[in-house]
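Reviewing the structure listed below.
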Amino acid sequence: MSININFSSLNKLKILNDPIYGFITIPNSLIFDLIQHKYFQRLRRITQMGMSYLVYPGAHHTRFHHAIGCVHLMQQAVNVLRFKGVTISKEEEKGLYAAILLHDIGHGPFSHAMEHSIVNNVSHEDISLLFMERLNKEFNGSLTLAIKIFKGEYHRKFLCQLISGQLDMDRADYLKRDSFYTGVAEGNINSERLITMLHVVNDELVVEEKGIYSVEKFIVARRLMYWQVYLHKTGLVAEQLLIRVLKRAKELHNNGVVLEASQALLFFLKNKITLDNFNDNTLDTFSQLDDYDIISAMKQWQHHDDFVLSNLSKMIINRDLLKIKLKNKTVKKQSLEKHIQNLISSQKVSREEAEYFVFTGKISNQAYQLKHQGINILHKSGKIEDIVKASDQLNLKALSKPVTKHYICYPK
């Protein structure tokens, strides 16, 4: 009797070692091939947390790490739900894994900074969808269901909620991962227990009553991570500086000033890119952009003779940032004007140049969105209610209100 073993397909069932979950298995050959694709490999060169490493030196993990972690958690979720009698077909399972793997593939360098500088109102979700549609052509339509789930258009709502909801696999991974790499213990949620408590009623995701405290911890952890990490004032000012570096570079380039940068970055400095003209060529160029393009450009630009470009670049490269103050109320115009005038007179710059270094803005944190597809608790009696009503934790209702803080940045 001869046994035919297809080694090429066997070779695709790889195991990866993750510092958080231990060994992660790649569930099928489609996921393996997607991971191997150059579009996905780019995520190794995109930091998960943007400029946060200037605050937390350990925060150098990448979008690549995070996407693989999400696939691992999704495998657990599928196993748990099937064990509880929820039917999930092989096709749906495949679709879920592909959708969660690719949910962040559209992130640009330093994650969120690019959405406000080199492209005009094009979100990373928009670009993720463009990548998925392109890959779907390459993979002969095998991502069609994944795209439907990603867009929230699939008729079984709970599958869409696992990808994008208030208790999705994306959040379940990034809170735990970001907490691990920053060393901020407050964000360390028990994602395994949360997943074990999941169930489905009427095609919607619910959490069994036993998991109520894990959900409370999850919401509180999310709030703390936002104030302590994602909205940390130093990370915030660094990201604002990065947005301004790119804005200035674009402005100079449009005025005919020659700048040194990679071909991919120059393309985005040269052209006004919106969702309407984001074609295949743009997507290809975007796929060549990563954190290294921006860092190497700033290393060049710090020696440029433009006062704004060189100083902003130096500030980020040397971590010598602007001073930032957070306030509960809007910053007074007089306060802003005083700092602008100080800079104009001390550095002999124009008002337009000074406004690159003196500016205000606001940040908002809402740990739980009550109106947006909430987290439902399934009681033993069969009754289903929102976590805010089901919980005896008084401040959960408070956590569903957005908290806004205002900031002003100016030179030290």
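Observations
- Being closer than 22 Å to G361 by Cα and in contact with a Phe, Trp or Tyr (Cβ under 7 Å, 6 or more places away or on another chain) is a property that R244 has.
- Restricting the stretch 34-67 to residues that are more than 14 Å from the chain's Cα centre (by Cα), in a helix (DSSP H, G or I) and of a type in the set (A, V, I, L, M, F, W, C), the residue that is farthest from Q288 (Cα to Cα): L54
- Taken together, the criteria place I118 among residues that are within 19 Å of T47 (Cβ to Cβ) and touching a residue at least 12 places away in the same chain (Cβ under 8 Å).
- The set of residues in the stretch 403-412 being assigned to a loop (DSSP other than H, G, I, E, B) and among the charged types (D, E, K, R) consists of K412 alone.
- Of the numbered criteria (1) free of Cβ contacts under 8 Å to residues at least 40 places away in the same chain; (2) among the aliphatic types (A, V, I, L, M); (3) closer than 30 Å to T274 by Cα, the one V78 fails is (3).
- Test: residue in the stretch 131-142 that is among the aliphatic types (A, V, I, L, M), touching a helix residue (DSSP H, G or I) at 6+ places or on another chain (Cβ under 9 Å), surrounded by 20 or more Cβ atoms within 10 Å (Cβ to Cβ) and at pLDDT 95 or above: yes
- Summed over the stretch 108-126, residues that are surrounded by 19 or more Cβ atoms within 10 Å (Cβ to Cβ), in contact with a His (Cβ under 9 Å, 6 or more places away or on another chain) and within 12 Å of I243 (Cα to Cα) total 3.
- Applying a threshold of 7 Å to beta carbon distances and a minimum spacing of six or more residues, or different chains, the list of pairs starting in the stretch 162-182 at a residue that is of a type in the set (K, R) and ending at one that is outside any helix (DSSP H, G or I) reads K176/I20; K176/N188; K176/I189; R177/I20; R177/H61.
- Test result for A238, out of contact with any His (no Cβ under 7 Å at 6 or more places or on another chain), assigned by TED's automatic domain parsing to the domain that holds S310 and closer than 30 Å to S179 by Cα: yes
- Looking only at residues in the stretch 143-192 that are among the polar types (S, T, N, Q) and within 25 Å of T87 (Cβ to Cβ), the one that is modelled with the lowest pLDDT is Q166.
- Yes/no for K272 being more than 25 Å from R44 (Cβ to Cβ), of a type in the set (D, E, K, R) and touching a residue at least 12 places away in the same chain (Cβ under 8 Å): yes
- Candidate set from the stretch 195-207 (those that are out of contact with any Lys or Arg (no Cβ under 9 Å at 6 or more places or on another chain) and part of a strand (DSSP E or B)); member that is farthest from P402 (Cα to Cα): V201
- Flag for K210 being touching a residue at least 40 places away in the same chain (Cβ under 8 Å) and either under 18 Å from S400 (Cβ atoms) or not aliphatic (A, V, I, L, M) (or both): no
- Taken over the stretch 350-402, the criterion of being basic (K, R) and in a loop (DSSP other than H, G, I, E, B) is satisfied by K371, K380, K383, K401.
- Output for the stretch 21-39, where each listed residue is more than 16 Å from C70 (Cβ to Cβ), modelled with pLDDT of 95 or more and touching a Ser or Thr at 6+ places or on another chain (Cβ under 8 Å): K38, Y39
- The stretch 32-60, residues that are in contact with a helix residue (DSSP H, G or I) (Cβ under 9 Å, 6 or more places away or on another chain) and within 20 Å of L283 (Cα to Cα): L34, I35, H37, Y39, F40, Q41, R42, L43, R44, R45, I46, T47
- Flag if E93 is among the charged types (D, E, K, R), surrounded by 16 or more Cβ atoms within 10 Å (Cβ to Cβ) and not in a loop (DSSP other than H, G, I, E, B): yes
- Residue list for the stretch 349-387, filter: surrounded by 13 or more Cβ atoms within 10 Å (Cβ to Cβ), among the small types (G, A, S), closer than 30 Å to L322 by Cα and touching a residue at least 40 places away in the same chain (Cβ under 8 Å): G361, A367
- When F180 is tested against the conditions (1) surrounded by 16 or more Cβ atoms within 10 Å (Cβ to Cβ); (2) more than 26 Å from N365 (Cβ to Cβ), the lone failure is (2).
- Here the condition is being within 24 Å of S350 (Cα to Cα) and either of a type in the set (F, W, Y) or assigned by TED's automatic domain parsing to the domain that holds G106 (or both); of F307, F268, F278, F286, it holds for F307 alone.
The values are calculated or read from the model by the stated rules, or taken from the named source; none is laboratory data. Just so you know, these numbers come straight off a predicted model, no measurement behind them. Heads up, the Cβs are rebuilt from the backbone with ideal geometry, glycines too, and the neighbour counts pull from every protein chain shown.
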